[in-house]
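What follows is calculated from the coordinates using simple rules that are stated; it is not laboratory data. Nothing here was measured: the structure is a model prediction, and the numbers come from that model. Neighbour counts are summed over all protein chains in view; Cβ atoms, including those assigned to glycine, are modelled from backbone coordinates with ideal geometry.
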Amino acid sequence: MNETIDLIRSKDPTFQQEVEAESGQNISNCYQCGNCTAGCPAALDYDMMPNQVMRGIQLGLRDKVLSSQAIYMCLSCSTCSLRCPNSIDIAGVMETLRHMARRTNKVGVKRVEKFWLSFLDTVRTFGRSYEIGTMALYMLRSLRFWTDVDLAPQALMKQKLGLKPHVIPSKESVEAVGRIFKRYQERAKREGVRP
Amino acid sequence: MKIAYYPGCSAKGSSLDYELSTQAVLKALGIQTVEIADWNCCGSTPAHAVATDLSTALCTRNLALAARQGADLIATSCPSCLSNHKHAHVRMQDPDFRTRVNELLDEPAPEQMPEMTSVMQLIAQQCDSDQIKSRVTKSLTGIKIAPYYGCLMSRPAELMQFGDPENPTLMESLLASCGADDILDFPLKTECCGASAGIPHRPLTARNSGRILQLAVNMGADCIAVCCPLCQMNLDLRQKQAGKAEGTKFNIPVLYFTQLMGIAFGCDADSLGLNKLCVSADRITDKIHALSTAAKEAAQGGKA
Ligand code: SF4
Ligand code: SF4
């Protein structure tokens, strides 16, 4: 009984329209066959299965869907989209949901976002990504100092991890990439969303 | 046709061996490319996960550089870079979105920008099977290979244009041209290895990679052939972690398809970066050498 009341209370009829507009997908077409979930390589770690996410959108469960861990754990492998009998690009929907969640400061799995931001920091600074830098920043952000230390000896020996950052040779180009990030961040601030 | 080349960041670090072997193979086949000067990172998964316009702006800068360089086509080895640039190319056709991306760039993107393709498709487009065969000095005959593409190269199908999205076969064709006659019909060839979750969420990657390694071992593969830097890292550098997840110890070489082609072309080990592999490929190179020497001797014996 309580469950039913909760569902009705939290129903947000505009949620489905927003997701559809931003992703370009027709969510109403989902008839819950479960194919997307069956083929998902990350579903074992999800709190909401991909088909449940789709149902959640149809039911207007904005908070539940945008606060889910699933949308941050998705690997963007597109297996779900490929196997959906109704040709819904579920991977695209997951990405849209992630963007919507971040814009409203909902971060279901903080360490995943920390990893993304650490990676992007190296790109913003050097113009190219840089493994050791990403790892160091990620460890600082997440305080996970043991992350992959078991791999370090082998990776270093094989020179798999460049100790020096990969910088674009021309300084002007490094700055040009920095400006892309700067404009992006300024715009996010103007629009009042999480950059 | 002028072909630009986009190495991508991993080519300068974790997948230096892919880069070296790609260059060695392109050289052996006489395919000329010019690296895009001052290219930047495409933003990989983090950029598109965070914001589509940021990812597209980063990629568009590269496409614009290649356009100004006069390129007709851009080739890259990395499926993730390829996917991001291809997405950017398509998304820039939407005028409203284009405006938002242009706002992030120093100057608006040119109207016409070259398409990006994979090095694998470039090779197949530039050389037919006979041309490849004519370069082979050490045939891959007798080597049992599990071909593994990962999830990005063939998906989304309309975008990547890489044949059957769950059963691509281009790598097999190229390896067959190099004499490979024992390529497995590998059911997990496009299953995701766990991708970049390796760092923030290791168990997922270890489990997915573990399944792929286990099946290759069960099917009796001598090695796995790959075409993605992230897959290679998850299957090779993280092979021990994957073994733990499966409750076993793996010991199977994971080579880039370009390394296998390079071995067949007789390129030396250093020029293919074979020493960068965590699980040594020595037993593969030894087997190829032994089998091709035996075959040559048999052929000579037959003639005599
Ligand atoms: S794209 Fe995401 S939701 Fe879809 S199958 Fe892959 S990991 Fe699962
Ligand atoms: S595969 Fe498509 S129709 Fe089936 S549950 Fe998933 S989204 Fe719905």
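Data for the structure
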{"quantity": "Highest to lowest packing among A:21-28, B:45-52, A:41-48, scored as the average C-beta count within 10 Å", "calculated": "B:45-52, A:41-48, A:21-28"}
{"quantity": "Helix axis angle, B:282-303 relative to chain B longest principal axis, alpha carbon, degrees", "calculated": "60"}
{"quantity": "Shielding by partners - mean other protein chain Cβ count within 10 Å, residues of B:101-112", "calculated": "2"}
{"quantity": "For the stretch B:137-299, radius of gyration divided by Kirkwood radius, i.e. Rg to Rh on alpha-carbons", "calculated": "0.97"}
{"quantity": "Stokes-Einstein translational diffusion, chain B - Kirkwood Rh over all Cα pairs, 1.567 mPa s, 4 °C, in µm²/s", "calculated": "65"}
{"quantity": "Whether the stretch B:138-220 is rounded, prolate or oblate, judged on the alpha carbon gyration tensor where a/c under 1.5 counts as rounded", "calculated": "oblate"}
{"quantity": "Inter-chain shielding of B:7-15 (mean C-beta neighbours from other protein chains, 10 Å cut-off)", "calculated": "6"}
{"quantity": "Candidates per trypsin sites (Lys or Arg not before Pro) in the stretch B:198-304, loop by DSSP, up to 11 other Cβ within 10 Å", "calculated": "B:Lys249"}
{"quantity": "Extension gain (nm, one decimal) between B:Asn102 and B:Lys244, 0.36 nm per residue minus Cα-Cα", "calculated": "46.4 nm"}
{"quantity": "Cα-Cα over 30 Å, subset of B:Lys86/B:Lys249; A:Lys189/B:Lys12; A:Lys182/B:Lys240; A:Lys64/A:Lys189", "calculated": "B:Lys86/B:Lys249; A:Lys189/B:Lys12; A:Lys182/B:Lys240"}
{"quantity": "Degrees between helix B:79-91 axis and first principal axis of chain B (Cα, 0 to 90, nearest 10)", "calculated": "30"}
{"quantity": "Amide H partners (placed H, <5 Å) of B:Tyr5, local residues excluded", "calculated": "B:Val34, B:Glu35, B:Ile36, B:Ala75"}
{"quantity": "The stretch A:7-56: trypsin sites (Lys or Arg not before Pro) in DSSP coil with no more than 11 other Cβ atoms inside 10 Å", "calculated": "none"}
{"quantity": "Part-to-part distance (alpha-carbon centres) for the stretch B:147-179 and the stretch A:106-136, which is given in Å", "calculated": "30"}
{"quantity": "In the stretch B:1-43, trypsin sites (Lys or Arg not before Pro) in a DSSP loop with at most 14 other beta-carbon atoms within 10 Å", "calculated": "B:Lys2"}
{"quantity": "Dipole axis of the stretch B:3-121 (+1 Lys, Arg; -1 Asp, Glu on Cβ), positive-most option in B:His87, B:Gly13, B:Thr56", "calculated": "B:Gly13"}
{"quantity": "For the stretch B:3-121: rounded, prolate or oblate by the Cα gyration tensor [a/c cutoff 1.5]", "calculated": "prolate"}
{"quantity": "Fraction of the pair-distance distribution of the protein assembly as shown above 36 Å, Cα-Cα pairs, percent", "calculated": "30"}
{"quantity": "Cα radius of gyration and Dmax for the stretch A:11-103 (Å)", "calculated": "11.5, 31"}
{"quantity": "Rounded, prolate or oblate (a/c below 1.5 giving rounded, otherwise prolate when a/b exceeds b/c) for the stretch B:126-177 by Cα gyration tensor", "calculated": "oblate"}
{"quantity": "Helix-only [θ]222 nm of chain B, DSSP H runs n ≥ 4, -39500 (n - 2.57) each, per residue, nearest 500", "calculated": "-14000 deg cm²/dmol"}
{"quantity": "Surface/4 estimate of mean projected area, convex hull on alpha-carbon atoms of the stretch B:87-135, nm²", "calculated": "4.8"}
{"quantity": "Residues with amide H under 5 Å from that of B:Gln69, placed H, sequence gap 5 or more", "calculated": "none"}
{"quantity": "Rg ratio (alpha-carbon, reference 2.2 N^0.38 Å) - the stretch B:80-188", "calculated": "1.40"}
{"quantity": "FRET efficiency, 1/(1 + (r/R0)^6) with R0 41 Å, evaluated for B:Glu158 and A:Thr104 via beta carbons", "calculated": "0.85"}
{"quantity": "Dipole axis of the stretch B:137-299 (+1 Lys, Arg; -1 Asp, Glu on Cβ), positive-most option in B:His201, B:Gln259, B:Phe162", "calculated": "B:His201"}
{"quantity": "Average other protein chain Cβ within 10 Å of Cβ, residues A:182-189", "calculated": "4"}
{"quantity": "The protein assembly as shown, dipole about Cα centre (Lys/Arg Cβ +1, Asp/Glu Cβ -1), debye to the nearest 20", "calculated": "1280"}
